Amino acid sequence: MSDEQYDPQALQAKWQQRWERLEPYRAGEDPADERPRRYMLDMFPYPSGDLHMGHGEVFAIGDVVARYWFLRGYNVLHPIGWDSFGLPAENAAIKRNEHPATWTYANIETQANSFRRYGISFDWSRRLHTSDPDYYRWNQWLFTRFFERGLAYRKGGLVNWCPNDQTVLANEQVVNGRCERCGAEVVRRELTQWYFKITDYAQRLLDDMDQLTHWPERLLTMQRNWIGRSEGADVLFEIEGRDEPVTVYTTRPDTLYGATFFVVAADAALADEIVTDEQRPAFEAYRAEVAKLSDIERLATDKEKTGVFLGRHAINPVNGERIPVWAADYVLSDYGHGAIMAVPAHDQRDLDFALKFGLPVKVVVHTGLADPAETGQATPGEGTLVNSGPLDGLGKAEAIAKIVEILAAEGRGRATVNFRLRDWLLSRQRFWGTPIPIIHCPDCGEVPVPDEDLPVTLPDMRGEALAPKGVSPLAAAEDWVNVACPKCGGAAKRDTDTMDTFVDSSWYFLRYTSPGYSEGPFDPEQVRRWGPIDQYVGGIEHAVLHLLYSRFFTKVLHDMGMVNFTEPFVRMLNQGQVINGGKAMSKSLGNGVDLGKQIDEFGVDAVRLTMIFAGPPEDDIDWADVSPAASQKFLARAFRVMAEAGAAGAPGADFAAGDIELRKVTHRTIDEVTRLIESYRFNVAVARMMELTTAARRAIDSGPGAADPAVREAAETLAIMLSLVAPYAAEEGWERLGHGPSIARATWPEADPSLLVQETVTCVVQVAGKVRDRLEVSPDITEDDLRALALASDKVRAHLSGDPRKVIVRAPKLVNIVP
RNA sequence: GCGUCCGUGGCCCAACCGGCAGAGGCGCCGGCUUGAGGAGCCGGAGGCUGCGGGUUCGAAUCCCGCCGGGCGCACCA
C-alpha cells in the first residue's frame, strides 16, 4: 500500500515543477475575459534573509483567500515583489565590503525559491523590486509631481535623529521615543529636510474612513488617534513690547478668563525673540538643558514641570489682564502655534506648572468640585461659567460659541481645527534608497530633474564608502553630485539624500497592475481594471506607517486624475504574530523557530495547515501550543481517503447513486465550509474538513466501501477544499481521483439544498430550565403540536405537579415549561 | 490614568439572532491491530464558561461592578 503513503517531500518535488510549467495562477490579461476580477495582496516582504515564520503565516492566510477566489471562478490578481531598498542591505554591504545590491538580490532569490516551495498562488510574471531603477525612477517621477503641486517641500526645524542608523526619521517611525527599526533612543536635531505635505490631507484621511467598513476597528482607531483632530479656537494675545500679537490655539476658549499666565515652547523662535536681556541667561541655560533631553525623558508623564520666566507680559484680550510669559518644554513648538494660554484651574498640566512656580489659579468654571489650587486636581469637566464677564452662567458649549463670536467680531480670534498629524519627513541620510531628484542651483534654487533625465540612478559605491557619517554617503560621490543646473546650465549640485523606503511601498500595489509600463508609474487603464485591492493582508505594525502613507498617496494620485478611487484597500486583515513559548521569537532569547526547518521536517502542507488551524487569523500563534506533527497526521489521513477513493473508481460517477448518509455529511460540509471561508473563520473550516475526512474514512471501512460514488464525492470535495490550505496533498489527491492538473482550475463545490434538509430534529424539553426529555420531531412541526407532545412526555410530567404556569415553545428545537 | 478587545475541559480553540456547554486538534486513559514499538483504526474520561450582581421562562452570549491579560493612547493645549 506504499502507493497510498503520504510523502510530502516527494509531492513537493513533483508538483512545484509542474505548477511552474502550468502557471495556473497567472492573472488573465485578455480584455475580453468576462470573469469578475479580484485583487488579492499580501504586504510584500523585505529581503532580510530567508522567509521566516511570520511570512509563513501571512502568506498562508492570503493564499486561502486567493485560492478560494480562483475556485470560485474569479480572474484573480495575486502578485509578489520585494521592498528591496533599506538600511540592512547597506549595513551588510559595509560589513562585507560589497555593494548593497549583492546582498539584496541574493536574498530576494532565496526568498523567491522559498515562496515557490511554499506553494503560494502568485502570478510570478508581475514580480517587481523597488530597488530596480525601472521601479524607483517612478518614485522620482512622483516626487517631482508632488513637488510641482507644493506637496513636497523643504524646511528647517527640529527633527528626529536616530544616532544608531545615522539618519532622520519620520514621526511615524518613532515609537515611544525609540527608532521603530533599531530601537535606539531618538534625539532631536535641527536640520533642513524634505517633507510630504500629508497634513493637507488630514481631514480627508479622516473622512474617508467611512469607506473602510471592512477594516479592523482598532486599526481605524489607531489612525484616528494619530491624525488627532481637535476643534477649538485661535486667540490673539498682545505681548507688551511686541508689535504683532501672538496666536495661541486652545480647545477651551470658554476658559479664557481663567488664563493666568502664558507659555511659549522653549525651542520656539518666539521665545528667543521676546526674552528680555535680563532673563536671557536663564532662558538660554534652560533651553540648552531641554535640548539635551531625549524624547523618552521629555515625554515621561510623571516628569516634573520645568520652565523659565521670559521677563515679559501678555495681555488677556478679554479682560486686559497682564499675565506673565514663560518658556517651558511641556508646550510643543510644532503643534498649534507653539504657544498657549495657561488656565491652571481647568487644565492639569497648567496647574502642575502654576503650583510649581507659584502662579495664580483662577476658577472660571463652577463644577461643584473642590478648589484646584487646594487639591492640586484641575477640574477640566463641564460646569457653569463664573468670573467670566459676559460668559457667566453659561454652560461649556454656549460659552465657547459666545466667546468665539465675541473674539471674531473684535478680530481677536476665530474657531479653528487642529491636527496632531505632522508632515511626513521623507529624506534620509543613507545610500540604499531612491535619490531625491532635485538639483540645488545657486541661482535657480531647487530645480527638479527633468522627467527625461530620470531615473537618477545611484552611483556605484560599496563597502566602507557607505559607512554612516551623519550626512548622506552620496555627498562624497563628487562626479555624481556636481551637475549642470537643468534651468540655467550653471554649476549646481544634486540633492544627496535618499527617500524614506515607505515612499516605495506607498504605490507598489498600483505598479503590479502593469509592471512593465514605461509611460508612467502604472497604466491608469490597468489600475481601473484591477483596483482597488479587494483584500490586503499584513501586520498591524503598519497602522500609522505604510497603511497611512498608502492612503495619502492614493488620494494625491486620485487628485491628479491617475486613479479612479480614493481608498486603496477595500478589506484589510491583520494577521497575528507567530510567537514561541509566550514570547516573541528572537535571537537573544534563543527561541526562534526556523520556517525552512519546519518545512523540512513536516512538509509545506502541514506547516501551512498548522498556521491556519491554530486559531482565528488575527490571533497570535504560539508555536509551542500547536502541532505540525498532528497536521501531518491529518493530511496523511485525508490523503489516504483521496487515494483509496481514486483507486476504487473513476471520475464521472453518478453521485446521486451514492450512500445518502455520507452524501448528507458532504453537502453539509460544503455548506458550512463555504460560509466559514467567506467569513474568514479558516480554523473552523479546517475542523469541518477533518470531520468530513472522518466520515469518509468510516464509509470506506465500515460503510458502503471505497467504490461507493458518495465516497468519491466526499473525496473530491475534500480535495478541493483542502487545496486552500494544503495545495500539494490536494493536487496529488486530485490526480489520484483521476483529474488532470491543476486543481486550481477546479470548481468550488455547491451544496445540494435537498441534502441539507433534516427529516427530524432533536427537540429539548426543559422544566424550569433543566433538560428533562428529548423528542425527535419534524423540523416543520407546529408550535401547538410540539407543546402537546412535550406536555405528554412522561419524563416531563414526572417533574410537574399540576398545571404549568407558562410554556415557552421555540419550534422545532426547544420547549421550556415553567411549573 | 483613559479607551478598547478578550477570559469556555490540563492546553490550542468551537458554539447562528440569548435556547442541550463541546465541533475539531493536542495531551491523557483504554481497546483492536502488530513479534515488539510506531503508524493506523475504535472508544473514554475531563467543566460552577475568571468572580459577584442584574435582566430573562432561559445567559458563555445582554447590562453593571470587580479581578486578570492583550492592544492602543497618554504633556498635542
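Remarks
- For region A:137-170, the candidate set comprises residues that are touching an Asp or Glu at 6+ places or on another chain (Cβ under 9 Å) and of a type in the set (D, E, K, R); within that set, the residue that is farthest from A:Asp267 (Cα to Cα) is A:Arg149.
- Every residue from region A:715-774 that is assigned to a strand (DSSP E or B) and hydroxyl-bearing (Ser, Thr, Tyr): A:Thr762
- Residue match in region A:262-279 (condition: touching a residue at least 60 places away in the same chain (Cβ under 8 Å), within 12 Å of RNA strand B (Cβ to nearest atom) and closer than 25 Å to A:Glu405 by Cα): yes
- Only listed residue being of a type in the set (Asp, Glu), in contact (Cβ under 8 Å) with a residue 12 or more places away in the chain, under 26 Å from A:Gly433 (Cα atoms) and within 15 Å of RNA strand B (Cβ to nearest atom), chosen from A:Glu231, A:Glu190, A:Glu172: A:Glu172
- Pairing residues of region A:601-616 that are within 23 Å of A:Leu573 (Cα to Cα) and near RNA strand B (Cβ under 9 Å from one of its atoms) with residues that are part of a helix (DSSP H, G or I) and not polar (S, T, N, Q), at Cβ distances under 6 Å and at least 6 apart in sequence or on separate chains, gives A:Thr610/A:Pro628; A:Phe613/A:Val686.
- Across region A:82-120, the qualifying residues are those that are aromatic (Phe, Trp, Tyr) and not in a loop (DSSP other than H, G, I, E, B), and the one among them that is nearest to the chain's Cα centre (by Cα) is A:Trp82.
- Restricting region A:396-449 to residues that are within 38 Å of the chain's Cα centre (by Cα) and of a type in the set (D, E, K, R), the residue that is surrounded by the most Cβ atoms within 10 Å (Cβ to Cβ): A:Arg428
- Residue list for region A:316-334, restricted to those being crowded, with 17+ Cβ neighbours inside 10 Å and out of contact with any helix residue (DSSP H, G or I) (no Cβ under 6 Å at 6 or more places or on another chain): A:Asn316, A:Pro317, A:Ile323, A:Pro324, A:Val325, A:Trp326, A:Ala328, A:Val331, A:Ser333
- Residue check for A:Gly320: closer than 30 Å to A:Lys402 by Cβ and among the small types (Gly, Ala, Ser): yes
- Some residue of region A:624-636 being away from RNA strand B (no atom under 14 Å from the Cβ) and surrounded by fewer than 18 Cβ atoms within 10 Å (Cβ to Cβ): no
- Restricting region A:552-591 to residues that are small (Gly, Ala, Ser) and assigned to a loop (DSSP other than H, G, I, E, B), the residue that is nearest to A:Phe613 (Cα to Cα): A:Gly576
- When A:Val765, A:Val807, A:Val818 are screened for being over 30 Å from A:Val673 (Cβ atoms) and crowded, with 19+ Cβ neighbours inside 10 Å, only A:Val765 passes.
- Close Cβ contacts (under 8 Å, 6 or more residues apart or on different chains) running from residues in region A:666-689 that are within 21 Å of A:Val757 (Cα to Cα) to residues that are part of a helix (DSSP H, G or I) and of a type in the set (Ser, Thr, Tyr) comprise A:Thr666/A:Thr717; A:Thr669/A:Thr717; A:Ile670/A:Thr717; A:Arg688/A:Thr669; A:Met689/A:Thr669.
- When we screen A:Arg218, A:Arg224, A:Arg252, A:Arg229 for residues that are in contact with a strand residue (DSSP E or B) (Cβ under 8 Å, 6 or more places away or on another chain) and surrounded by fewer than 18 Cβ atoms within 10 Å (Cβ to Cβ), the only hit is A:Arg229.
- Filter result for A:Ala202 (small (Gly, Ala, Ser), within 16 Å of RNA strand B (Cβ to nearest atom) and touching a helix residue (DSSP H, G or I) at 6+ places or on another chain (Cβ under 7 Å)): yes
- Condition check for A:Arg322: of a type in the set (Lys, Arg) and over 39 Å from the mean Cα position of the chain (by Cα): yes
- Test result for A:Leu51, among the aliphatic types (A, V, I, L, M), within 27 Å of A:Gln598 (Cβ to Cβ) and in a loop (DSSP other than H, G, I, E, B): yes
- Residue in region A:660-670 that is under 26 Å from A:Ala60 (Cβ atoms), more than 14 Å from RNA strand B (Cβ to nearest atom) and either under 40 Å from the mean Cα position of the chain (by Cα) or not in a loop (DSSP other than H, G, I, E, B) (or both) present: yes
- For A:Ala730, the criteria (1) within 16 Å of RNA strand B (Cβ to nearest atom); (2) under 30 Å from A:Ile612 (Cβ atoms); (3) buried (at least 19 other Cβ atoms within 10 Å of the Cβ) hold in every case but one, which is (1).
- Of all residues in region A:592-616, those being under 26 Å from A:Asn113 (Cβ atoms) and assigned to a loop (DSSP other than H, G, I, E, B) number 5.
- Flag for A:Thr144 being farther than 25 Å from A:Ser48 by Cα, out of contact with any His (no Cβ under 7 Å at 6 or more places or on another chain) and within 13 Å of RNA strand B (Cβ to nearest atom): no
- Failed criterion for A:Gly802 (all others in (1) of a type outside the set (Val, Ile, Thr); (2) away from RNA strand B (no atom under 12 Å from the Cβ); (3) surrounded by 12 or more Cβ atoms within 10 Å (Cβ to Cβ); (4) assigned to a loop (DSSP other than H, G, I, E, B) hold): (3)
- At least 1 residues being within 16 Å of RNA strand B (Cβ to nearest atom) and touching a strand residue (DSSP E or B) at 6+ places or on another chain (Cβ under 9 Å) is the threshold, and among the helices (runs of 4 or more DSSP H) wholly inside region A:342-428 those reaching it are A:348-357, A:396-409.
- From A:Ala285, A:Ala327, residue being part of a helix (DSSP H, G or I) and either within 23 Å of A:Val175 (Cα to Cα) or of a type in the set (Gly, Ala, Ser) (or both): A:Ala285
- Residue, farthest from A:Ile227 (Cα to Cα), within region A:288-341, restricted to residues that are of a type in the set (Lys, Arg) and within 15 Å of RNA strand B (Cβ to nearest atom): A:Lys292
- Residue in region A:305-315 that is closer than 27 Å to A:Leu407 by Cα, modelled with pLDDT of 95 or more and in a loop (DSSP other than H, G, I, E, B) present: no
- Screening A:Ser754, A:Ser742 for residues that are free of Cβ contacts under 8 Å to residues at least 12 places away in the same chain, hydroxyl-bearing (Ser, Thr, Tyr), away from RNA strand B (no atom under 16 Å from the Cβ) and over 16 Å from A:Glu4 (Cα atoms) leaves exactly one candidate, A:Ser754.
- Check on A:Thr247, β-branched (Val, Ile, Thr), exposed (fewer than 15 other Cβ atoms within 10 Å of the Cβ), more than 9 Å from RNA strand B (Cβ to nearest atom) and assigned to a strand (DSSP E or B): no
The values are calculated or read from the model by the stated rules, or taken from the named source; none is laboratory data. If you're wondering where the values come from, they're calculated on a predicted model, not measured in any experiment. Don't worry about glycine lacking a Cβ; one is built from the backbone with ideal geometry, like all the others, and counts go over all protein chains shown.
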